[in-house]
Amino acid sequence: MTTPATPTSRAAALEFRGVTKRYGSGEESTGAVNDLSFTVPAGTICVLVGPSGCGKTTSLKMVNRLIEPTGGQILLDGSDVMSEDVTALRRRIGYVIQQVGLFPHLTIGRNVAVVPALMGWTRERQQARTDELLSLVGLEPGRYRNRYPSQLSGGERQRVGVARALAADPPLMLMDEPFAAVDPIVRQRLQDEFLRLQRALAKTILFVTHDVDEAIKMGDLIAVMEEGGRLAQFGPPEEILAHPASDFVARFVGQDRGLKRLSLSTIADLRTEPLGRREGLPTFSPDTTLRDALSILLVADTRGGVALDEAGQPRGLVTVDAIASALADDRPRRAARA
Amino acid sequence: MNGEPLVRWDWLWAHLGPIADRIGQHLYLTAIAVGVGFVISFALAAVSIRRRRLYPPVVVVATALYTIPSFALFAALVAITGLSILTAEIPLVLYTFILFVPNIVAGFDAVPWDVLDAADGMGFTAGQRWWRVELPLALPLVVASLRLATVSTIGLVTVSAILGDRFGGLGYYILDGYHRTFTTEILVGGLLSIGLAVLADLGFVLLQRVLTPWAAARAVSR
């Protein structure tokens, strides 16, 4: 990879403080937001998830002021977004949308360099940054730089959209259903690549989706929103799956939330039992999710499987019971709440 | 017809200079009509886009103007503006409105909303958005309307020959040939006028290619 044109990557903390948006007189109108408060620490991904019309996109668009709040404050690194010049604010916030919104009349290279160009970077610096970012999102600059958006596949266009949003090294990225318009296989790949990218970039990201599975996969924190634009629950995915705060959240995350929780842990996290005879048993690499392991064990109909360590050496026995007990860690708490 | 050949080549060779002058006049009258018509139409389109309620009446009026026979309009204007260039240009300009306005409006309507949303979200000012995003994306239909109006006006300029031999461009030869029952003149006026229209058409196709290379790229691959 090329040397970064902008070596220092910054991230900003984002705080919603009693944010409200009303449309007309109707209090519960579609897209309204009601007294929303939460904090996203710098460098983490916060996913806003909820049914359509719950105000999640409205909330996102209030951050870069495409929609102006009726009340409350949105703080970016402690300063109110309403107090800053709107153009300057938007240029330091990355923005990725479902339809991508690439400029059809500009080449991929110039699309990526749009914000640097607005900010008056030199041609050379724009070009260096463009090539760096295209490589970063897995598009070979020499092949893609001079193409037009209409010549790219949906997945490629979405990568360009991410590269474009990263161009000016923004401390905050807003992503509105960024992977919803591509097919499931491409979506999964884009999600995985983005998470890998985020491990290196550590941006603060506000991510909107209607898909619970995507929220669980992408989010360090999840804000579940319900009709009327109210925050139903806010916390890490593990907590939302283990302890839904209301019937609404429990229904929204689904009956299979136990299985979903299993997909948050891997074989490496699991306490194993001593390994006896291992002939004919399936083997699991450390990064296999417990959900996949359970599925394989149920299908294989064996007494267990072999957990391998990083070196590929057998570490111990994985059983259905062991996986079940990984879920059971918080059962007493749930019983106490009932 | 009294033994005359269809085309008197000797007449043609003897009049190359005047014919060139008439071609120049034809293009001059066309350019003024298309230029003025475009500027007024662009303003009408801009107002129509911003105030949508005004768009239907604008189209109704532009359509009504287009239905007035050109012959009658030239004749009627003589009473007001005399035998001036205004009399020749006013009808030509009025006829362009219906060719320009709906196409320009459609051009700006065709700019995808997600592109505008992205532009706003990335911090384009209103002016930057218009010049760098909206206008370039509306350009294919704007150029198409210029092409249409130019070809149409090249045809209509010939009618202004009824205002006298200071007008009409190549139409002068059509009218003069008709009065003198001189086929060569009619053919020269008619065919060269068609030739101009075809050349203008090709010119705008080329201009379109140069201005919107991205639109051609769309067809190439997906």
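Filtering A:ARG164, A:ARG123 for residues that are under 25 Å from B:PRO213 (Cα atoms) and at the interface with chain B (Cβ under 10 Å from one of its Cβ atoms) leaves a single hit, A:ARG164.
Between A:ARG157, A:ARG143, the distinction of being open to solvent by 10 Å² or more (accessible area, probe 1.4 Å), within 14 Å of another protein chain (Cβ to nearest Cβ), within 23 Å of A:LEU60 (Cα to Cα) and assigned to a helix (DSSP H, G or I) belongs to A:ARG157 only.
All but one of (1) at pLDDT below 95; (2) touching a strand residue (DSSP E or B) at 6+ places or on another chain (Cβ under 8 Å) hold for A:GLY138; state the number of the condition that does not hold. Checking A:GLY138 against (1) at pLDDT below 95; (2) touching a strand residue (DSSP E or B) at 6+ places or on another chain (Cβ under 8 Å), the one that fails is (2).
Conditions (1) open to solvent by 50 Å² or more (accessible area, probe 1.4 Å); (2) away from chain B (no Cβ under 14 Å); (3) touching a residue at least 12 places away in the same chain (Cβ under 8 Å), marked per residue:
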| residue | (1), (2), (3) |
| --- | --- |
| A:THR39 | yes, yes, yes |
| A:ILE45 | no, yes, yes |
| A:LEU60 | no, no, yes |
| A:ARG65 | no, no, yes |
| A:PRO69 | no, yes, yes |
| A:GLY72 | no, yes, yes |
| A:GLY101 | no, no, yes |
| A:PRO116 | no, no, yes |
| A:VAL137 | no, yes, yes |
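Of the numbered criteria (1) in a loop (DSSP other than H, G, I, E, B); (2) at pLDDT below 95, the one A:LEU106 fails is (2). Taking the condition away from chain B (no Cβ under 14 Å), among the small types (Gly, Ala, Ser), surrounded by fewer than 19 Cβ atoms within 10 Å (Cβ to Cβ) and assigned to a loop (DSSP other than H, G, I, E, B), does A:SER29 pass? So A:SER29 fits the description; yes.
Annotation: A:ARG271 fulfils all but one of (1) under 28 Å from A:VAL318 (Cα atoms); (2) open to solvent by less than 40 Å² (accessible area, probe 1.4 Å); (3) modelled with pLDDT under 95; the unmet one is (2).
Within segment B:51-65, residues that are at pLDDT 95 or above have Cβ atoms under 7 Å from residues that are open to solvent by 50 Å² or more (accessible area, probe 1.4 Å) in these pairs: B:LEU54/B:VAL47; B:VAL58/B:LEU44, counting only partners at least 6 apart in sequence or on another chain.
Residue count for segment A:170-200 satisfying the condition of being away from chain B (no Cβ under 14 Å) and either out of contact with any Asp or Glu (no Cβ under 9 Å at 6 or more places or on another chain) or surrounded by 23 or more Cβ atoms within 10 Å (Cβ to Cβ) (or both): 18. For segment B:191-210, a tally of residues being of a type in the set (Gly, Ala, Ser), closer than 15 Å to B:THR158 by Cα and in contact (Cβ under 8 Å) with a residue 24 or more places away in the chain returns 2.
Restricting attention to segment B:107-158, the residues being away from chain A (no Cβ under 14 Å), open to solvent by less than 40 Å² (accessible area, probe 1.4 Å) and among the aliphatic types (A, V, I, L, M) number 6. When restricted to residues that are loosely packed, with under 13 Cβ neighbours inside 10 Å, under 22 Å from the mean Cα position of the chain (by Cα) and within 14 Å of another protein chain (Cβ to nearest Cβ), segment B:164-222 contains 2. Picking from residues in segment A:290-332 that are within 22 Å of A:GLU239 (Cβ to Cβ) and out of contact with any Leu (no Cβ under 9 Å at 6 or more places or on another chain), the one that is least open to solvent (accessible area, probe 1.4 Å) is A:ASP330.
Condition check ((1) under 28 Å from B:ILE174 (Cβ atoms); (2) not charged (D, E, K, R)) across all residues:
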| residue | (1), (2) |
| --- | --- |
| B:TRP9 | yes, yes |
| B:TRP13 | yes, yes |
| B:PHE38 | yes, yes |
| B:VAL47 | no, yes |
| B:ARG50 | no, no |
| B:VAL59 | no, yes |
| B:TYR66 | yes, yes |
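The values are calculated or read from the model by the stated rules, or taken from the named source; none is laboratory data. Remember, it's a predicted structure, so these values are computed and weren't measured experimentally. Note: ideal-geometry Cβ built from the backbone for every residue, glycine included; neighbour counts use all protein chains shown. Only protein heavy atoms, including side chains, enter the accessible area calculation; ligands, DNA and RNA are left aside. Shrake-Rupley method; radii C 1.70, N 1.55, O 1.52, S 1.80 Å.
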